[in-house]
Amino acid sequence: MSDKLLSMNRITKIFPGVKALSDVRFDLNKGEIHALVGENGAGKSTFIKVLAGVHQPDSGEILLDGAQIIMKDPTTAQKHGIAAIHQHAASYPDLSVAENIFIGHEFMIGPFVNWRKTNSEAKKLLDSIGADIQPQDIVGSLSVARQQLVEIVKALSQNARILIMDEPTAALSKQESEELYAIAKNLRNRGVAIILISHRFEDIFDLADRATVLRDGGYVGTWSIDEIDTNKLVAAMVGRDIGHFFPKKQTQPGDELLRIENLSRTGFFRDVSLSVRAGEIVALTGLVGAGRTEVAETVFGAEQASAGQIYIEGKPVQIHSPNEAMSLGVGLLPEDRQLQGLLMNWSIERNITLPTLKQCARGAFVSSAKEYAMADNLKTRLNIKANDVKTNAEALSGGNQQKVVVAKQLAVQPKILILDEPTKGVDVGSKAAIYEIMSNLAAQGMGILMVSSEMPEVINMADRIYVMREGRISAHFSAKGITQNQILEAAVPLAKAARNTAEREVAS
Amino acid sequence: MKQRLKRILLSWEAMLIVVFAIVCVAFNQQDASRQAAGLSKKDVFNLASVIKSMRPYMLYSFMTLGIALILAMGDIDISAGASAALSAAMLGILYKTMMDAGVPSGLSLALALVGCVATGTLCGAANGFLVIRFKELFPMIITLTTQLFFRGVAFLLLGGGTLTFKNDKTFDLLKTLYNTVTIGGISIPIVIIVFLAFAAVFYVWLHLTANGRRIFALGTNSKAAYLSGVRTDKIKFTMFTICGLLSSVTAVFFVGATSSSIRADSMVGYEMYAIAAAVLGGFSTSGGKGSIVGVVISLFLFGVIKIGLGTLYGFADSMVNMSVGVILILSTLLPNVAAQINAAGRVRKRRASSLV
Amino acid sequence: MTAQAPVKRKASSFAALLIQRREVLLLLVLVALLSAVSVRVRGYIPNNWLNILKGGSINMVMAAGMLPVLLIGSIDISVASTLALSGAVSGMLMRDGYIATVPGMILVGLGVGAVIGALNGSLMAWGRVLPIIVTLGMSYIARALIPMDWLLGLNKISRTNLTDSFKVFMLDNTFLRLPYLVWTAVIVTFVIGIFLRYTRVGRSIYAVGSNESAALVRGVSANRVKLLAHTICGATAGLAGILWLGYYNSVEKSTATGDEMYVIAACVLGGVSVTGGYGKISGVVIGAVLIAVINSAIPQLNIGNSMITEFIKGLLLLATILLNVILGWVMRKRELAQRSI
Amino acid sequence: MKKVLSVVLALAMLLAMVGASAVAEPSALLIGVVYKQSGNPYFQAAVTGFEKASQELGFTFMHDGPDDGSSDGQIRIIENYISQGVDVICVSANDPDALVGVLQEAMAEGIKVISWDAEVAPEGRNLDVQPASAKSIALTQLESISKSIGGEGQIAIVSAMATAPNQNLWIGFIEEALATDPAYANLEYVGTVYGDDEYTKSYDETLGLINLHPDLKGIITPTTAGGPAVAKCVLDEGKSIKVTGLTLASDMAEYIKAGVCDETFLWNPIELGYAASYAAVALVKGEITGAAGDAYDVPEIGTLTVEQVQKIGESGELEPAEGTISYLNKLNTFNVDTVDEWVSIL
């Protein structure tokens, strides 16, 4: 194996009230992809920030090519060839691609930026990794995948020796992920060491040579990829055997709650028809950009359809706003918890009661007793881990925040609940809890429409699966005996599906 | 209960009350020392005289309530002064046309007042419509242009001249709005009583009802509020309309104060005084926080400071404006600095403990 | 390695041209206004173009200075008071004989403005006070600081206080028939344009405007960039004070009250986005010229009493901005419809 | 609690910085002077008049004007004076009617009210002190401009604020004379524009006038603030237009020498302030009651009488109206020879 490039040992970092990292060991060889795995809050991103110079470790050492270095700030880390690519890649959406790549070290003539040279150099770098992007394009107008390619090129322009990829494929479709894998392998062969952080087991098993597992800020172990499989990895991450991962109760589907016929919204989706019956969990899956979230938003009234009809319990309805949707018994768990789901600096109690303030009112005034009662009962029902309902939402972990958003919708007693990527960015332990809530709600006769791109979730939780491709329903399966490839085949855009090469059985 | 009490004690309003008390004591002290030094003949800074001369600073108090509601939503309205001037202009024009048309004076005054308030509400509604319809434009830009527009219409109606109703008994009724009423031995200006009534209504509405909670939700995160069933566009439209209405109430009292003479260039900059008072009252342009109690106290605080500086320290009118500027900046700067000092203190304390 | 099929640049229709090149739309409005006016007022352009440029120069200088501030997503409504204060202070220094030369005056003006701008910038950056609050407070303070009689005796600067060379410098010296006043405006806009487009510090202003948190990670300290942007804005307002003194030979307490709105309007008309990150100097220049034309044309149109200027300005400004947004909608709708769904 | 301490600290610092500035020494009489706008040199000159009288008569006085020249600004200052217990308020009003309410409150508390330079409506004052009768001021300017342009051609007026009471009075008398007096038969009056006492507005409005009426011959500008702007605009445009009006000598010296103005006029604001102080003291001491027929003497100017206000009735002639007034009747002429001696004073 190539020689040792980086080794970090006995790294400790303490934040007020919590020991984020204690005695973590990690080493990286030249030309290796090393996955850093762990639950949310296990300390992965803190560890990476220590390496990237954003935080200073309280103790421990960082050795690069054997020599000890102090990473006092991101610029020093950059000088040592360490570059980070974050999930929401675009750092300067309003600026051009070339400018994003060379920000801070443009090609100059005296005090002035030489735009011609900067653009041509950018084009050369972009072509070197096969990204067909124009240097003058505004980064903001590019798709998430292509923005990520710009970030990679930016790292290369600083001839980075260590590339940190933090959740690179979270927002990418299968197709785009595969392209990223190819580029990552290409960089590895050119000697660049890559630290990969991801929740997607496909990324880890497809790319990484070795995997290090962190748990609750502590170092668990390092294994080479072929001596470990999913269950062993999950057990190491969670530290206890989680038994059956998907607690789906079998239910008898009742009468039809929601039916949409030929629903269209110019530019996003067309002629979408689907139905959800009481007690059923229906999955709406497909690649990113296929229009699933847009369908969910339109059913919930956040956006307006240009054609088609929605039926609730058989009756045709017009839904113009989320407020109307709620009164008709439709609830939505938005995709982005922090931006769309919660008021972060508000207490759990006030978040939960916001949609249903009328019920907590005595006369015209909001009665704090009624409000406390409603919030507390939902807190216990979904066992949200927080000492009381007065704590602020921002103080909670990802999983608990998701539970608060679910509680907020349950307060409206919806008949139909739409969940948009319910377990995105949530740690393994909380995922199981959310699945349990979903199956309980279905068992109680609620219709669940789950928009998701996590194959294990779709296959194991849904009774029926609709697959969307480029704005249209491309397939409708019943979940019994369904395989991931059948779904993928329906999801991948036609032109490429025909020449889909290696059949790969992904451990699931 | 203790936790709730602690929250109230440490709240912004409590701090304002403490500052208010300290300022009054300091001014009284200064008044006494001036009298001892024989500088002034009579006791200038006493409760009665301060309350009476508070009137000019209470004219824009209604507009401040309106601006506070807009700030609570995270928006801003710089056209309030102009819509007030336009409402005053309509008051004069309507009264004049009706009187010329022979309508009995009592009726024409009533109708003119209704017309005035309607104009203000219309201006607010126009702002509201543009804000929700043209989301790409920010309220700052929209109200910047409507300010020029409303002021322009006022000039169109009145030209440069003053519209006045010399010894017209009915129109002079408006002057009574600027008089005082004696309650419990102290003569309290009517404008203060009416304002406190408005403030009470808005306190209950903003802080106790479901609607008020939704306004603060909109100010904190409008997308999350929208997805939680809050009718964001409806609330924005209503708030801008109410702000227009309150601006026209300010216009009516202004006409009363200036002995019912109406000019197109009146109330210039009143919205800036209102923003200053609302910000000192705890509201912020980023939305989501603030309280009506804070605004009421900050209005009286500004009034006392302006009166005191004017009478006791011989500050010229523009110097008083300077002190408003200083107080406005300090009222946001100092809490930030204090917070930074606390944060730095905490880090130092913790680092010391962890290394031991 | 075939990435997704590249999105061809569709032949941009006329409406698309308008939106990408917002300046084109502005030029259209400008031409429409000029032609409408020349129809009513014979020979309007020939004998007025100089006055338009002269009248617009001061607003253009301040609008160019306001551009960096808007680019970082901030705002400055104290520029009018800064102008008045810098004019008054430099006027008094000339009156008392400390300065006699034009360069001296320009230095004082820039200095006074830069100090106020730097104060604004640091209160915002390190004191973390919101831009509108800082500059609102500063506009009161600067206006009150204009030397009242309690500070330095006379509080109005008139012709007798100015040296003869200064009085005529701005207007009478011409180069290629343009007075130095207009040339100063041209130079200032050119320098700021080059600074923003081609220097690394200038680009960091766009970077901070586009994503303030990322700028921190990239080693560009956002606080220092904010301080720089506001210092530039203050300095141009200070310089505008000198230009005002040179043009009108008089500065008083209420000089330029409320003119900050026209400075911001010139930038907004020029397509500068108030949220930061986007805006070009060419748009600002045309926006300032448009407002100058409105100011000079309306009194001559002789429609109704001369009070109608405010009304027409408000109307035209509102109409142009709304037109801009509506064109954006049309473009968005057509782009959505063309998607191959 | 740290937050509270920090804000209190700032306020104490602010007040300490100012300290107990000496406002006014104690004495039997305290006068509150209010003028249209702070920072206007015309009123600074008038204040020196009050100063001179205060040394001679031994009263103390305060003076201030609103920052923005607004009526509600003047109300704020008057209310301050009332609460400080002044004996007399001398006010030059931005608007004759706006201050009536608050001044009546002052009079109710036994405070005497004198309006000077710009009158307050009669029901809001005890006495009005004016430099000269409006008619004589107006006709002097009309006669001068007519002489300068040889008695024929277009003339226009560039005024201050449209609501300024004294401006409208003078414009009224000028229009009346143009209509009736044969001497001005072939003068064509093209209209009045308002510069709002703002330099830029006066400049732009004059520019508008020049472009609108290419063969304009003469401009009357009865405002100290607007005058220099009008003259500079005429000079910049290189037009052979004659300008006259009520202006400060120091502002117009250059334009008089450049030939733009043959002569301009102004009463001496110092004398106006001086005379107003004497009238005020006389009123407080009861030597005069403000009724027509009273008289009070002012050193160096002579005895000034209180007359009934005259106004042009429907029938066209003068008839008595409500309120009393007293005139200085001293108008100074600045022309090429006399302007230099006045530059240092005005």
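Note on segment A:158-187: residues that are within 17 Å of A:GLY81 (Cα to Cα) and at pLDDT 80 or above amount to 9. Counting only strands (runs of 3 or more DSSP E) that fall entirely inside segment B:135-236 and contain at least 1 residues that are within 14 Å of chain C (Cβ to nearest Cβ) and either among the hydroxyl-bearing types (Ser, Thr, Tyr) or within 20 Å of B:LEU299 (Cβ to Cβ) (or both), the qualifying elements are B:162-164. State whether one or more residues within segment B:117-134 are surrounded by 24 or more Cβ atoms within 10 Å (Cβ to Cβ), hydroxyl-bearing (Ser, Thr, Tyr) and assigned to a helix (DSSP H, G or I). Yes, segment B:117-134 has at least one match. Put simply, of B:VAL296, B:VAL249 the only residue that is under 27 Å from B:ARG133 (Cα atoms), touching a helix residue (DSSP H, G or I) at 6+ places or on another chain (Cβ under 8 Å) and either among the β-branched types (Val, Ile, Thr) or part of a loop (DSSP other than H, G, I, E, B) (or both) is B:VAL249.
Every residue, every condition in (1) at pLDDT 80 or above; (2) surrounded by 16 or more Cβ atoms within 10 Å (Cβ to Cβ); (3) more than 30 Å from A:ARG116 (Cα to Cα), yes or no:
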position	(1), (2), (3)
A:ASN9	yes, no, yes
A:THR12	yes, yes, yes
A:PHE15	no, no, yes
A:GLY38	no, yes, yes
A:ILE48	yes, yes, yes
A:LEU51	yes, yes, yes
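Would you say B:SER266 is within 14 Å of chain D (Cβ to nearest Cβ), touching a residue at least 12 places away in the same chain (Cβ under 8 Å) and surrounded by 24 or more Cβ atoms within 10 Å (Cβ to Cβ)? Against the criterion (within 14 Å of chain D (Cβ to nearest Cβ), touching a residue at least 12 places away in the same chain (Cβ under 8 Å) and surrounded by 24 or more Cβ atoms within 10 Å (Cβ to Cβ)), B:SER266 qualifies. Taking the conditions (1) outside any loop (DSSP other than H, G, I, E, B); (2) touching a helix residue (DSSP H, G or I) at 6+ places or on another chain (Cβ under 7 Å); (3) within 14 Å of chain D (Cβ to nearest Cβ) in turn, B:TYR273 satisfies each one other than (2).
One residue alone among A:ARG116, A:ARG161, A:ARG146 is without any contact (Cβ under 8 Å) to a residue 24 or more places away in the chain and buried (at least 19 other Cβ atoms within 10 Å of the Cβ), and that residue is A:ARG146. Would you mind stating whether B:ASP31 is within 30 Å of B:GLY281 (Cα to Cα) and touching a Phe, Trp or Tyr at 6+ places or on another chain (Cβ under 7 Å)? It is true that B:ASP31 is within 30 Å of B:GLY281 (Cα to Cα) and touching a Phe, Trp or Tyr at 6+ places or on another chain (Cβ under 7 Å).
Do we have any residue at all in segment A:65-82 that's assigned by TED's automatic domain parsing to the domain that holds A:GLN148, touching a Lys or Arg at 6+ places or on another chain (Cβ under 7 Å), crowded, with 21+ Cβ neighbours inside 10 Å and touching a residue at least 12 places away in the same chain (Cβ under 8 Å)? There is no residue in segment A:65-82 that is assigned by TED's automatic domain parsing to the domain that holds A:GLN148, touching a Lys or Arg at 6+ places or on another chain (Cβ under 7 Å), crowded, with 21+ Cβ neighbours inside 10 Å and touching a residue at least 12 places away in the same chain (Cβ under 8 Å). Taken together, D:GLN104, D:GLN44, D:GLN55 contain a single residue that is modelled with pLDDT of 85 or more and facing another protein chain (nearest Cβ under 9 Å), which is D:GLN104. Per the listing A:GLU324, A:GLU349, the residue uniquely in a helix (DSSP H, G or I), more than 8 Å from every other protein chain (Cβ to nearest Cβ) and surrounded by fewer than 18 Cβ atoms within 10 Å (Cβ to Cβ) is A:GLU324. Being in contact with a Phe, Trp or Tyr (Cβ under 7 Å, 6 or more places away or on another chain), surrounded by fewer than 24 Cβ atoms within 10 Å (Cβ to Cβ) and of a type in the set (A, V, I, L, M) holds for only one residue in D:LEU235, D:LEU216, and it is D:LEU235. Looking across B:LEU196, B:LEU208, B:LEU218, one residue alone is touching a residue at least 60 places away in the same chain (Cβ under 8 Å) and surrounded by fewer than 18 Cβ atoms within 10 Å (Cβ to Cβ). It is B:LEU196. Name the residues in segment A:303-326 that are in contact (Cβ under 8 Å) with a residue 60 or more places away in the chain and touching a helix residue (DSSP H, G or I) at 6+ places or on another chain (Cβ under 7 Å), would you? Hit for segment A:303-326 is A:MET326, nothing else.
Only one of the numbered conditions (1) surrounded by 24 or more Cβ atoms within 10 Å (Cβ to Cβ); (2) in contact with a strand residue (DSSP E or B) (Cβ under 6 Å, 6 or more places away or on another chain); (3) not in a loop (DSSP other than H, G, I, E, B) is violated by D:ASP251, and that is (2).
Can you say whether B:THR311 is touching a Leu at 6+ places or on another chain (Cβ under 7 Å) and either away from chain C (no Cβ under 13 Å) or not aliphatic (A, V, I, L, M) (or both), as far as the supplied structure shows? Criteria not met by B:THR311. Scanning segment A:296-321 for residues that are more than 10 Å from chain B (Cβ to nearest Cβ), outside any strand (DSSP E or B) and hydrophobic (A, V, I, L, M, F, W, C) gives A:ALA296, A:VAL299, A:ALA305, A:ILE319. Say whether the condition of being more than 10 Å from chain C (Cβ to nearest Cβ) and part of a helix (DSSP H, G or I) is met by at least one residue in segment A:105-112. Among the residues of segment A:105-112, not one is more than 10 Å from chain C (Cβ to nearest Cβ) and part of a helix (DSSP H, G or I), which makes the answer no.
Residue-by-condition table, conditions (1) more than 14 Å from chain C (Cβ to nearest Cβ); (2) of a type in the set (D, E, K, R):
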site: A:LEU125; (1), (2): yes, no
site: A:VAL139; (1), (2): no, no
site: A:GLY191; (1), (2): yes, no
site: A:ARG210; (1), (2): yes, yes
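When C:GLY104, C:GLY111 are checked against the criterion of being more than 28 Å from D:GLN37 (Cβ to Cβ), surrounded by fewer than 24 Cβ atoms within 10 Å (Cβ to Cβ) and either within 14 Å of chain B (Cβ to nearest Cβ) or modelled with pLDDT under 90 (or both), C:GLY104 stands alone in meeting it. Would you call B:THR170 in contact with a helix residue (DSSP H, G or I) (Cβ under 6 Å, 6 or more places away or on another chain) and over 22 Å from D:ALA98 (Cα atoms)? Spelling it out, it is not the case that B:THR170 is in contact with a helix residue (DSSP H, G or I) (Cβ under 6 Å, 6 or more places away or on another chain) and over 22 Å from D:ALA98 (Cα atoms).
When A:ILE82, A:ILE129 are checked against the criterion of being out of contact with any Asp or Glu (no Cβ under 6 Å at 6 or more places or on another chain), facing chain C (nearest Cβ under 10 Å) and within 22 Å of A:ARG161 (Cα to Cα), a single residue qualifies: A:ILE129. Each residue in segment A:327-339 was checked for being assigned to a helix (DSSP H, G or I), closer than 27 Å to A:SER143 by Cα and free of Cβ contacts under 8 Å to residues at least 12 places away in the same chain, and 1 pass. Only one of the listed residues (A:VAL404, A:VAL458, A:VAL412) is buried (at least 18 other Cβ atoms within 10 Å of the Cβ) and in a loop (DSSP other than H, G, I, E, B). That residue is A:VAL412. Inspect segment D:141-164 for any residue being within 14 Å of another protein chain (Cβ to nearest Cβ), without any contact (Cβ under 8 Å) to a residue 60 or more places away in the chain and either in contact with a strand residue (DSSP E or B) (Cβ under 8 Å, 6 or more places away or on another chain) or part of a loop (DSSP other than H, G, I, E, B) (or both) and give the result as yes or no. Yes, segment D:141-164 contains a residue that is within 14 Å of another protein chain (Cβ to nearest Cβ), without any contact (Cβ under 8 Å) to a residue 60 or more places away in the chain and either in contact with a strand residue (DSSP E or B) (Cβ under 8 Å, 6 or more places away or on another chain) or part of a loop (DSSP other than H, G, I, E, B) (or both).
Residues being under 16 Å from the mean Cα position of the chain (by Cα) and within 14 Å of chain C (Cβ to nearest Cβ) are represented in segment B:85-101 by at least one member.
The values are calculated or read from the model by the stated rules, or taken from the named source; none is laboratory data. Quantities reported herein were computed from a predicted structural model and do not represent experimental measurements. Backbone-built Cβ (ideal geometry, glycine too); neighbour counts: all protein chains shown.
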